[in-house]
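Visitor: This is the structure, below, for whatever I ask next.
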Amino acid sequence: MSAASPSSSRSSTASPSSSISTSVTSSISSSSSPATTSATTPWGERQRHTQVDEKTKGDWVAVQKKTFTRWANAHLRRRGQVEINDLFADTSDGIRLMQLLEVIGGDSIYSLCKRKYNPAPKFRIHKLENCNLIFEYLRKKELQLTNIGSTDIVDSNEKLILGLMWTIILRFAVAENGKQGLLLWLQRSTAGYPGVHVHNFDLSWTDGRAFLALIHKYRPDVLPADAVSWLKKEGGKEDAKQQVALAFQLARDELEIDALLDPEDVVDTAKPDEKSMIAYLSQFFNKFASLTRKQALVESIVKAVGVARKHDTLLSDYERESQELKTWLQARTRRWEALGGMGRTTEDVKAQLDALHVYRREEKVQQKAKLLRLTSVLGQLRGSQRNHNRPLYAPLPGMGDKDLWEEDWPALEAAEGRYEKACIEKYAGFSVIDFALTKVQNKLSKLEPWLESRTSYFTTALPRPPVKGSDGGEDENGECKSALAVSISSLEQRLSSHAAFESQVDVYEALLSESRRLLSGELSEEHAGVGLTKARVAVAAETMANLKDKAKDFKVGVEARLQLEKKLEHAANRYVTLAEKVGFVVDEVEEAMAEPLLGNNVEEVEALESRFSTVSATFQNLSPVMKELAELSALLIEHGRADRVGEERQTTAPAVLLATHMRVVEEVSKHTTALAQAREETSRKVQAREAFATAARALNAFVQRLTEKSNLGGRRSSLQPEEVKNELKSLQAIYDGEGKTLMASVESASAEQEAAGVVANGFVTDTVYSLRKAYEDLGKLLEAQITDCLTAEAALISQTAESNEQWKEITRVFHALEEEKRGVLTAKAFKEGLQALGVLLEDSEADVQFRKVGGKEKVNGMTLAEFGSVVTAALTAGSSSDDIMAAFKAISLSETEMEEGKEGLISGEVIKASFAGHGDIAEYIEAHMPQKGTTVVKRRRTRTRGAEGEEGKTGESQKEGEEKGEKEELEVPMFEYASFVHHIFAR
């Protein structure tokens, strides 16, 4: 269509049902309407207007011109476009308006209209063609205008240009038909502040308190302390202009909200211009609604990072402690498998068994507690990973809790059992060797003195040739010094001694043979005493052979020299022989009684009884011998030969023999009784060991069964905290009932073991200490898991309470906007409701949500439940990796920072600012997020200009102030956040 055609001067095409149709003349301030006329406003309201004078008209035109100019320049500056100085004159060629539309509309003129505008129009027709593109662009954006055409812009029609600017602000800044939603949001944001009552967009703001309350609601940190104190009191300051100026200054300097108005536009007027106020207040909504949304996004990131860090801590704890436990298990298993270092004596082996018991009672119990904790840590980690949709952690091969429970721990106990068995076997073997060595040493203790005394006798008592020329008499050996023959008494005595020797030698050779036999068995050379005793026996055997040779020579020499007393005193010799026999039998009985009453079972004790019965029977048969000895003793005494009795062995004296016989009779009776008691005691020990082993196995099975059940078979993630708690409570009841009974059985069996004198139990490796620790750890595990459930349940209740408050607010907004109280929202009311609740959605996205939830064919509109679902989803989003990725994208770069090639990056400055007040989250993010170069950002310097400096400032003077070095450039690092999101959601 030609730009000069009449139809182009006024756009009057009817609006399609899908587009927005607006009368520009009706968009002009109500203060310009003649008296008693009615106009349909963009809000769909019917308003009555009164006649105003020319001065009032000039006032609102000036205010709107200034406000709309500043609003347009705020957007043009962000794209580096040339700003508008005079709204009416500078827009007459259409260029500034098209640049503005490209900035706020997001699309270029060419992309929508498929035509380029004239960048340097010299003639009127060129300007009209540019302005035609403005209207075509707006139609493409579904904004149909009436009562305004290209000629109105070219001719600088003030009223219509202001109306056009207002319509553009409504469409692209406030959102179409969003006045009521904006008002509801302002009311919600300022509720609760004393003396602040927002009912409209004009008179409710004139004292400045509403502005300050709005700022304090979302950014309390920027308000001076004195302003905060009086803001919370009724009345406040009387200087309204100072309060408005303070609010405007804070908005500009701290919040970067462009000052579309000056304080006098609000205070020094009967009624502030509503359109200018809406344009200005909509910037607060955009700023704070986006701030609230940004805070929600930050919280979602903080939560996701917190979950990842918690998982990292649990994972680190598990890997560190599992490696420590694995190392300990392997080292201990190797130690037990070595089966060495038990010692070379029974005492050494007993010390090793005692050390093993101490290890089981202390070190092993501590390590088992660590294993139980590892199982709990892994359960917590995997449960949290399931709850937060994270991949389940898989430990390295061999490092899982099942590997430790089912492979390493059983391997340790098997090696430990083999070691204990080896110790017990060695202890038993060494005990047998000790017994054999004791018997040999007892025999040697008789044999060695006898060998020494006989060797000495046969060496010194051998008759020597008579000493010729002797003065006579006898020497110390009874030999006659002067005679050729030895005295008869001396030789007879020597022959008697030899005869006694010959009668004794078989007995002592039997001792030597028995000692050799005892040492010829499978006696381990590991026992330190075996070699020493064998050496003693070898020396005794050599001495015995030498002694027999000496005795033979002695007899030959004595018999050759014997020419005196052929008849030996049979009685004396018989006495000596029988006495020695009695002494030997007594020694054997005493040796049998000295044998330790030890046995690993009843059979071994019964074998001891049998051996002693044989020896005691031999002793009982000595009665005739004792009678004969008594008769021989009486005969020798009667014939004056008492000095021959006991000459060589005092124990052969009659009184001594009789006393010894009576003593041994009594001791035999006592030893028989002791053997019977030992058999009963051994039987009690075996029964006590078996009873403890049975109780220990039952308790171990119970602990393992309840530990496995406490994991709920992998169903924990699908259950509510209440359900998990109930199941754990039922397990705790079983623990307190059945478990307590089983533990009592273990304690009782252990006490019986102790009373029976049991040192080691070969049936099980557990002790009462390790079992008690395992039982108590199970109770602590159940208690800790129940506590976790109560914590989760409390968090759920808290979350529900917060949700209830949120739902109340949603319901209140819904009922304020529902269509004719029919319980539904129209598309327009839906958008107002989103705005009232601070939910930022583009119009197109809001339309999609309305059609998706409310239904395209649903003529009744959106119900409360449907509205609540959209709002709740928007406010609670942020649990998935896609949500966190979107959150980082939303907070990553502001509109002024966006540069080509910087997509997917976030600056270090934004990270520090966004996560301030969240501990070390910012440092953690920067440490784990890869850096990708740097960028230069521009930041407005904070100005400390007082409120009075703002008085009377026009748009021009304010602009000049903003251009005088008010911004600075900073170089900050850039980070790539996609890999970081993948990192935390892989934990």
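The values are calculated or read from the model by the stated rules, or taken from the named source; none is laboratory data. Please read these numbers as outputs of a predicted model, since none were measured by experiment. Neighbour counts are summed over all protein chains in view; Cβ atoms, including those assigned to glycine, are modelled from backbone coordinates with ideal geometry. Surface areas here come from the heavy atoms of the whole protein model, side chains and all, with no ligands, DNA or RNA. Shrake-Rupley method; radii C 1.70, N 1.55, O 1.52, S 1.80 Å.
Visitor: Restricting to the stretch 343-377, give me the number of residues that are part of a helix (DSSP H, G or I), open to solvent by 50 Å² or more (accessible area, probe 1.4 Å) and more than 21 Å from Thr765 (Cα to Cα).
Guide: 2
Visitor: If you take the residues of the stretch 715-764 that are free of Cβ contacts under 8 Å to residues at least 40 places away in the same chain and among the basic types (Lys, Arg), which of them is most open to solvent (accessible area, probe 1.4 Å)?
Guide: Lys740
Visitor: Here's a follow-up. Filter the stretch 211-254 for residues that are assigned to a helix (DSSP H, G or I) and of a type in the set (Asp, Glu); which is modelled with the lowest pLDDT?
Guide: For the stretch 211-254, the residue satisfying everything is Asp226.
Visitor: Would you check if there is a residue in the stretch 117-124 being under 16 Å from Phe172 (Cα atoms), modelled with pLDDT of 85 or more, in the same structural domain as Ala270 (by the TED database) and surrounded by 18 or more Cβ atoms within 10 Å (Cβ to Cβ)?
Guide: no
Visitor: Give the number of residues within the stretch 391-412 that are surrounded by fewer than 17 Cβ atoms within 10 Å (Cβ to Cβ), closer than 23 Å to Arg335 by Cα and in contact (Cβ under 8 Å) with a residue 60 or more places away in the chain.
Guide: 2
Visitor: Going by the structure shown, is Leu297 more than 39 Å from the chain's Cα centre (by Cα), surrounded by 20 or more Cβ atoms within 10 Å (Cβ to Cβ), in a helix (DSSP H, G or I) and of a type in the set (A, V, I, L, M, F, W, C)?
Guide: Judged against the criteria, Leu297 is not a match.
Visitor: Moving on. Which ones in the stretch 519-531 are in a helix (DSSP H, G or I) and either farther than 15 Å from Lys443 by Cβ or in contact (Cβ under 8 Å) with a residue 24 or more places away in the chain (or both)?
Guide: Leu519, Ala528, Gly529, Val530, Gly531
Visitor: Quick check: anything in the stretch 192-202 open to solvent by less than 20 Å² (accessible area, probe 1.4 Å), in contact (Cβ under 8 Å) with a residue 24 or more places away in the chain, over 21 Å from Ala74 (Cα atoms) and assigned by the TED database to the domain that holds Leu112? Walk me through how you get there before you give the answer.
Guide: Residues of the stretch 192-202 open to solvent by less than 20 Å² (accessible area, probe 1.4 Å): 196, 198, 201-202.
Right, trim to in contact (Cβ under 8 Å) with a residue 24 or more places away in the chain and you get 201-202.
From what's left, over 21 Å from Ala74 (Cα atoms): 201-202.
Applying the additional criterion that residues be assigned by the TED database to the domain that holds Leu112 yields 201-202.
Yes, the stretch 192-202 contains at least one residue that is open to solvent by less than 20 Å² (accessible area, probe 1.4 Å), in contact (Cβ under 8 Å) with a residue 24 or more places away in the chain, over 21 Å from Ala74 (Cα atoms) and assigned by the TED database to the domain that holds Leu112.
Visitor: Being in a helix (DSSP H, G or I), modelled with pLDDT under 70 and not assigned by the TED database to the domain that holds Tyr457 narrows it down to one residue among Leu635, Leu608, Leu629; which is it? Even if it seems obvious, please write down each step before you answer.
Guide: Values: Leu608 fails: modelled with pLDDT under 70; Leu629 fails: modelled with pLDDT under 70.
It is Leu635.
Visitor: Quick one: Ser229 ticks every box in (1) crowded, with 16+ Cβ neighbours inside 10 Å; (2) under 49 Å from the mean Cα position of the chain (by Cα) except a single one, so which number is it?
Guide: (1)
Visitor: A follow-up question, please. In the stretch 874-987, which helices (runs of 4 or more DSSP H) lie fully inside it and hold 1 or more residues that are modelled with pLDDT of 75 or more and under 30 Å from Ala846 (Cα atoms)?
Guide: In the stretch 874-987, the matching helices (runs of 4 or more DSSP H) lie at 881-892, 908-914, 978-984.
Visitor: Does the stretch 325-342 include one or more residues that are in contact (Cβ under 8 Å) with a residue 12 or more places away in the chain, of a type in the set (Val, Ile, Thr) and part of a helix (DSSP H, G or I)?
Guide: Checking the stretch 325-342: at least one residue is in contact (Cβ under 8 Å) with a residue 12 or more places away in the chain, of a type in the set (Val, Ile, Thr) and part of a helix (DSSP H, G or I).
Visitor: Moving on. Look at the stretch 99-155 and say how many of its residues are farther than 17 Å from Trp166 by Cα, touching a Lys or Arg at 6+ places or on another chain (Cβ under 9 Å) and part of a loop (DSSP other than H, G, I, E, B).
Guide: 3
Visitor: Still on this structure: For the stretch 155-172, does any single residue satisfy the condition of being farther than 30 Å from Arg124 by Cβ, open to solvent by 10 Å² or more (accessible area, probe 1.4 Å) and modelled with pLDDT under 90?
Guide: Initial filter on the stretch 155-172 (farther than 30 Å from Arg124 by Cβ): none.
Looking for residues that are farther than 30 Å from Arg124 by Cβ, open to solvent by 10 Å² or more (accessible area, probe 1.4 Å) and modelled with pLDDT under 90, one finds none in the stretch 155-172, hence no.
Visitor: In addition: Out of Leu100, Leu87, I need the residue that is touching a residue at least 60 places away in the same chain (Cβ under 8 Å) and touching a His at 6+ places or on another chain (Cβ under 8 Å). Which one? Give the steps one after another, and end with the answer.
Guide: Details: Leu87 fails: touching a His at 6+ places or on another chain (Cβ under 8 Å).
Of Leu100, Leu87, the one residue that is touching a residue at least 60 places away in the same chain (Cβ under 8 Å) and touching a His at 6+ places or on another chain (Cβ under 8 Å) is Leu100.
Visitor: Same structure, new question: In the list Ser750, Ser710, Ser718, which residue meets the criterion of being of a type outside the set (Val, Ile, Thr) and either at pLDDT 85 or above or more than 28 Å from the chain's Cα centre (by Cα) (or both)? Working first, answer last.
Guide: Values: Ser710 fails: either at pLDDT 85 or above or more than 28 Å from the chain's Cα centre (by Cα) (or both); Ser718 fails: either at pLDDT 85 or above or more than 28 Å from the chain's Cα centre (by Cα) (or both).
Only one candidate passes the filter, namely Ser750.
Visitor: If you don't mind, another one. Quick one: in the stretch 235-276, which of the residues that are closer than 18 Å to Asn73 by Cβ and either of a type in the set (D, E, K, R) or surrounded by fewer than 18 Cβ atoms within 10 Å (Cβ to Cβ) (or both) is farthest from the chain's Cα centre (by Cα)?
Guide: Of all residues in the stretch 235-276, those closer than 18 Å to Asn73 by Cβ come to 248, 251-253, 255-262, 265, 275-276.
Keeping just the survivors that are either of a type in the set (D, E, K, R) or surrounded by fewer than 18 Cβ atoms within 10 Å (Cβ to Cβ) (or both) gives 252-253, 255-256, 258, 262, 265, 275.
Values: Arg252: 48, Asp253: 47, Leu255: 43, Glu256: 45, Asp258: 51, Asp262: 59, Asp265: 62, Lys275: 59 Å.
Of everything passing the filter in the stretch 235-276, Asp265 is farthest from the chain's Cα centre (by Cα).
Visitor: Now, a different point. Quick check, is Val848 at pLDDT 75 or above and surrounded by 18 or more Cβ atoms within 10 Å (Cβ to Cβ)?
Guide: The answer is no for Val848.
Visitor: Restricting the stretch 765-776 to residues that are in contact (Cβ under 8 Å) with a residue 12 or more places away in the chain and open to solvent by 20 Å² or more (accessible area, probe 1.4 Å), which is nearest to Glu708 (Cα to Cα)?
Guide: Among residues in the stretch 765-776 that are in contact (Cβ under 8 Å) with a residue 12 or more places away in the chain and open to solvent by 20 Å² or more (accessible area, probe 1.4 Å), the one nearest to Glu708 (Cα to Cα) is Tyr775.
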